[in-house]
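Engineer: Here it is: the structure, laid out below.
Any read-out appearing in this document is the output of simple, stated calculations on the displayed coordinates, not a laboratory observation. Just so it is clear, the model here is predicted, and its values are computed rather than measured. Here Cβ is always computed from backbone atoms with ideal geometry, including for glycine, and neighbour counts include all displayed protein chains.
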Amino acid sequence: MSLAKAQLEVDQNVKSRDVKLKRFWQKAKVREAISGYLFMAPTILVLGTFLIAPIIYAIFLSFHKVEILGGLSYRFVELKNFLRTFDDERVWIALKNTIEYVIIVVPCQTILALVLALVLNKEIKGKKWFRIIFFLPTVTSSAVLTLIFIWIYNSNGLLNGLLDFFGLPTYNWLGDPSVALKSIMIMNIWSTAPFFMVIYLAALQDIPRSVYEAAKLDGANEFDQFINITVPLLKPVTFFVMVMGVIGTFQLFDQSYIFSGGTGGPNNSTLTVVLLIYQYAFRSLDMGYA
């Protein structure tokens, strides 16, 4: 009996110790979690204030008719603002222009960025200077670039002067609806490709040279190496570049605004979704519909 009693006491002590250890670790985990949340609090506060709260407020506005003049007031209109978009011709024009812009610009800027990165990844003289020169459009203000291109696209500007010099047809780049959006596309491809070029260049330099050397020993030429080594290894980077490109192109606003003076002209040819939202929100003061 004494042995059984002693064994029972030992078991109880072990259980008691396990319970205490469990409580200790639970408290430690709670303290660790609290510390983590405290460190995250500033970021959560900033995101909540400048990102999440505006999104929630925008959703709230979309269900209301908002009166700004004569005092701020809200009138609940259910789904009328959403249904109105189906009958609004300018919404479909803006959506068409934006999608066309995305479909053309994203692949072109991605291909151009990759080509530039491949060139600068070679052993050429003055490589560092070429990198700086190619990257300059990216660090230049978008508004300044747009004003420069307005001068280039002018009827008597640099581009038409070059076309006329070579005996090619000239265009009214800013006033012709058939080419106005293409003018913005050319400018944006030229100005955004260098940024993605830097990303591609960093990825290319991370590919081990030994892989290419082994391919050479197997008789692969440069094109084979590009198709079978470079392109597959750059797939994650290409995906990132294209996603960022799509996000950026859907946000087209300032170039279209400056080119058209905020109208989206000529004949709505440069009207984009973001510019249309701006027009309804700050010109028509129709915040709910915007």
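Engineer: For the residues ILE247, ILE199, what sequence is obtained by ranking on other C-beta atoms within 10 Å, fewest first?
Structural biologist: ILE247, ILE199
Engineer: Enter the per residue convex hull volume of the range 83-283, computed from alpha-carbon coordinates, in Å³ rounded to the nearest integer.
Structural biologist: 158 Å³
Engineer: Compute for the range 210-255: radius of gyration divided by Kirkwood radius, i.e. Rg/Rh, restricted to C-alpha atoms, rounded to two decimals.
Structural biologist: Answer for the range 210-255: 1.30.
Engineer: What helices does the chain hold that run 24 Å or longer along their axis, going by alpha-carbon atoms, with a Kyte-Doolittle average of -1.0 or more, using DSSP H for the helix calls?
Structural biologist: Qualifying helices: 2-47, 89-120, 177-206.
Engineer: Going by Cα centres, the range 88-167 and the range 230-290 are how many Å apart?
Structural biologist: 16 Å
Engineer: Next question, about the same structure. Under a 10 Å cutoff between Cα atoms, tell me which one of MET197, MET185, MET40 has the largest fluctuation in the Gaussian network model of the chain.
Structural biologist: MET40
Engineer: Given the rule -39500 (n - 2.57) for each run of at least 4 DSSP H residues, summed and divided by the residues of the chain, what is its mean residue ellipticity at 222 nm, to the nearest 500 deg cm²/dmol?
Structural biologist: -23000 deg cm²/dmol
Engineer: Return LYS96, LYS125 ranked ascending by Cβ neighbour count within 10 Å, so the fewest neighbours appear first.
Structural biologist: The order, fewest Cβ neighbours first, is LYS125, LYS96.
Engineer: Using R₀ = 35 Å, calculate the FRET efficiency as 1/(1 + (r/R₀)^6) where r is the Cβ-Cβ separation of ALA220 and PHE240; round to 0.05.
Structural biologist: So, using R0 = 35 Å, E works out to roughly 0.85.
Engineer: May I ask you to derive the relative contact order of the range 83-283, considering only C-alpha pairs under 8 Å and at least 6 residues apart, and to give it as an integer percent?
Structural biologist: In percent, rounded to a whole number, it is 36.
Engineer: If you don't mind, there's one more thing I want to ask. Between GLY48, GLY265, GLY157, find the one with the highest GNM mean-square fluctuation for the chain; connect C-alpha pairs within less than 10 Å.
Structural biologist: GLY48
Engineer: Something else now. Just rank VAL273, VAL144, fewest to most, by other beta-carbon atoms within 10 angstrom.
Structural biologist: The most exposed by this proxy come first: VAL144, VAL273.
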